[in-house]
Each structure stands twice: as structure tokens, then as C-alpha cells.
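Inspection log for the structure reproduced underneath, given as C-alpha cells.
The values are calculated or read from the model by the stated rules, or taken from the named source; none is laboratory data. Because the structure is predicted, anything quoted here is derived from the model rather than measured. With ideal geometry, Cβ positions are generated from the backbone for all residues, glycine too; neighbour counts draw on all protein chains shown.
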Amino acid sequence: MVPFVRLSHTSQMPQNPIDDGTKSLYLIYLCDNRVIKERNLIRHIRRLAGFSMSRAVVRGIGDDCAILRLSAGSELLVTTDLCLENVHFRQAWHPAPAVGHRCLTRGLSDIAAMGGEPLACFLSLGLPEDLPQSWVNGFLRGLLKLAKKFNVQLAGGDISAAHQITADIIVTGQVPAGKAVLRSGARPGDRIYVTGSLGGSAAVLKQLYAGKTVKPTRSSAHFYPTPRLEAGTWLRKRGLATAMIDLSDGLSVDLTHICDESRVSAVITAHNLPLGKGADLELALHGGEDYELLFTAPKRTQVPRQIAGTRITEIGEIQNRTNYSTAIHILGENGKVRPLAQRGWEHFSKQR
Ligand SMILES: [Mg+2]
């Protein structure tokens, strides 16, 4: 990873710059009938990213490495996520600012799930040659608006030619040493809680698959999800959560991660699940990209109904794990308990 400093060392452009084996040195970025060299795009991004937004970034874009400063007694959190065209988004469905916003949300949500505070992000982009500059600008606008909201400086990255839009986001954060909230701390008897509501993002996706037009408003849980950073740090500071994870792949998959890491099982109460706009039980259980937090807390702990302005709902209980084939059961409306299969987020899989 190079923090946006890889520039051409010659003004002589090769005949076929993309295929001469030095792609990153000579990448020509074609757009709107203009030719923009990689160095200009980097300058453009550097200008947009700002220079002194965060005290945590000692040196950002413009050197061989970024330099980050941690608070005394803190540990570094690092998370990486890919955002691929036709896997995580479609140009026809998702406006560029929403793609940028969702890309950074994935990383920020992981930092939130550890109870961490974000420090800086790093963005590597693979861009098709015929992609309009306006798309890149929109993507950066969406990403940087969210970055500014949470004081996360874009501190580096890389750019290359690609057949499809590819964004690789790395987000760093910090947490007081030994205080990160892990997936492995849930104990039998703990209650299970979620922030916000579930299935709202998947409900929008279902509409898009059905050929319906959905307006990508700023308040949409699908197009502009909110990473629950305030709730995550609130829970960590009070030592309230025994385990935590963010809901990116769907409740049935992500709760299984908690159960596997903690060596416990879980029972979910169906009628307690907070359904998002347009969501049903199926989407709340298996829909992805809610970016809410799921956490566990001991039975006697007083968990508030709201944390940092976000609703908190108790949805179930952690139990001893006796059968390793089934981590989660669900208590249905009919009063019967049945095993819950993991059927999480399949992105834009062909089966749909
Ligand atoms: Mg996660």
C-alpha cells in the first residue's frame, strides 16, 4: 500500500500505458473526453481529503507511509473490506455518493463493533478507463462526507486500472489497551441486544431486485447506513457488553460468529425483533448490511432503552452449547422453538 504518492517519473507516455507492465506508474485516467493522469487524480483526492483534519494523522497523503499517533495506552484496530461493482453495488441502483458512503461504513462499523474510536482510513481504487470523472467525484464526496462526520482522515491509498470498479477500504482505530469488546465474551444467561432495527436495508434490495425504483434518500438504511460508533464506545466505556459484533452479513450469520467464538448457543425471540421499514421476519433474520450492533450483557445488567440516541432492543438469550451443529434457535410466534439455519447475505449472487 502506498499513500497516493506513486507518480510517473517521466513525461514520455508509453504507447499502451495500461499494458506496459508499469500500470501504476503510467495509469491514464480517461474521462469526459479528457485525459487525467493518475498524478492529477491523486492531487485531486489529496485536496478533497484535507491535511490537518485529525490529530491522529501525523503524516497522511504525500509520503511513502502514513504516520498515525495513538493515544497513550491504546491499541491499534485495523479492518479491511472490499467493495466490488456488481457484488456489493450496482451502478444502475446505487448513486456514486451512496457507494462511497457504504464503502466507508463497512470499515467504521467494524471499529464500532470493538468499541473503538476511528483514526484514519486508506482507500485503494481500481477504476475502469471509461468511468466518468463525475462518478469518481461522487464516490469521494459520499465517502469523505461520512469521514468528516466521524473525524476520520483519508491518509493514503492507491489507484490502478481495473475492469470493474473496485474499492478496498482499510480503517484504523484505537481502543484503550485490553478494553476492546470481543466476539468471545458471551456467557450462558447473558441477554442479547441489538441497536436500531433489522432488515430495512435488505427490504430495499428486495424492491430493487423486483425492478422497482427506490429513491436513494439520505435517511435510507440501505443507501446511507449509520455506523453505530457512539453506541459502541458508550458500551465499551461502561464495560457493559460481554461480547459485540456488527450486523453486516445478517443476524443469523453474525450471531453465529458470537456463538462460535464464545462457545455458547443462543435463542432468539421472534416477536421481539425490531423490524426495519418494509422488513419482515425473514429479512430481519437473514438480510444483510444493517450495520447495527449486536451485543450481549449479563442478565442483571441494566441496559438502557436508548444509547447515543439509538434504540436498544433485547432479542434473546445466550445458553450453554451442547449441540455443535446448531448455534441458534428461534422461539416463534406459535410458542415453538426451532433451529435457525445460517442464511446470511449473499450479495448479488446469481441464485437471486
Ligand atoms: Mg464486522
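Can you tell which of ALA279, ALA266 is surrounded by 21 or more Cβ atoms within 10 Å (Cβ to Cβ), touching a Cys at 6+ places or on another chain (Cβ under 7 Å) and not assigned by TED's automatic domain parsing to the domain that holds PHE150?
From the options ALA279, ALA266, the qualifying one is ALA266.
Quick one: how many residues across the range 83-137 are surrounded by fewer than 20 Cβ atoms within 10 Å (Cβ to Cβ) and assigned to a helix (DSSP H, G or I)?
Summing the residues that are surrounded by fewer than 20 Cβ atoms within 10 Å (Cβ to Cβ) and assigned to a helix (DSSP H, G or I) in the range 83-137 gives 4.
Yes or no, residue by residue, for (1) of a type outside the set (Phe, Trp, Tyr); (2) outside the structural domain of LEU293 (by TED's automatic domain parsing):
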position	(1), (2)
PHE150	no, yes
ALA161	yes, yes
LEU198	yes, no
THR233	yes, no
GLY250	yes, no
LEU255	yes, no
ILE258	yes, no
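Out of all the residues in the range 290-311, which are of a type in the set (D, E, K, R) and buried (at least 24 other Cβ atoms within 10 Å of the Cβ)?
ASP290, GLU292
Scan the range 81-107 and report the pairs whose first residue is under 21 Å from LYS206 (Cβ atoms) and at pLDDT 95 or above and whose second residue is assigned to a strand (DSSP E or B) and away from the ligand (no atom under 16 Å from the Cβ), with Cβ atoms within less than 6 Å and a gap of 6+ or a chain change.
Pairs that qualify, where the first residue is under 21 Å from LYS206 (Cβ atoms) and at pLDDT 95 or above and the partner is assigned to a strand (DSSP E or B) and away from the ligand (no atom under 16 Å from the Cβ), are CYS83/ALA167; LEU84/THR166; VAL99/PHE89.
Would you tally the residues in the range 114-173 being modelled with pLDDT under 95, more than 17 Å from CYS83 (Cα to Cα) and among the acidic types (Asp, Glu)?
Going through the range 114-173 one residue at a time, the tally reaches 2.
Out of the residues in the range 234-291 that are of a type in the set (Ser, Thr, Tyr) and out of contact with any helix residue (DSSP H, G or I) (no Cβ under 8 Å at 6 or more places or on another chain), which is modelled with the lowest pLDDT?
THR256
Checking LEU82 against (1) closer than 20 Å to LYS148 by Cα; (2) within 14 Å of the ligand (Cβ to nearest atom), which test does it fail?
Only one criterion in (1) closer than 20 Å to LYS148 by Cα; (2) within 14 Å of the ligand (Cβ to nearest atom) is unmet by LEU82, namely (1).
Give the residues of the range 87-108 that are within 16 Å of the ligand (Cβ to nearest atom) and within 17 Å of LYS148 (Cβ to Cβ), sorted by residue number.
Taking the range 87-108 first, the residues within 16 Å of the ligand (Cβ to nearest atom) are 88, 102-108.
Scanning the range 87-108 gives ARG102, CYS103, LEU104, THR105, GLY107, LEU108.
Taking the range 70-80, which residues are loosely packed, with under 15 Cβ neighbours inside 10 Å and part of a loop (DSSP other than H, G, I, E, B)?
Of everything in the range 70-80, those that are loosely packed, with under 15 Cβ neighbours inside 10 Å and part of a loop (DSSP other than H, G, I, E, B) turn out to be SER71, ALA72, GLY73.
Restricting to the range 151-208, name every residue that is surrounded by fewer than 19 Cβ atoms within 10 Å (Cβ to Cβ), in contact with a strand residue (DSSP E or B) (Cβ under 6 Å, 6 or more places away or on another chain) and aliphatic (A, V, I, L, M).
Residues satisfying the conditions are ALA162, ILE170, ALA177.
Within the group SER201, SER220, SER265, SER252, which residue is assigned to a strand (DSSP E or B), hydroxyl-bearing (Ser, Thr, Tyr) and at negative phi?
None of the others qualify; the one that does is SER265.
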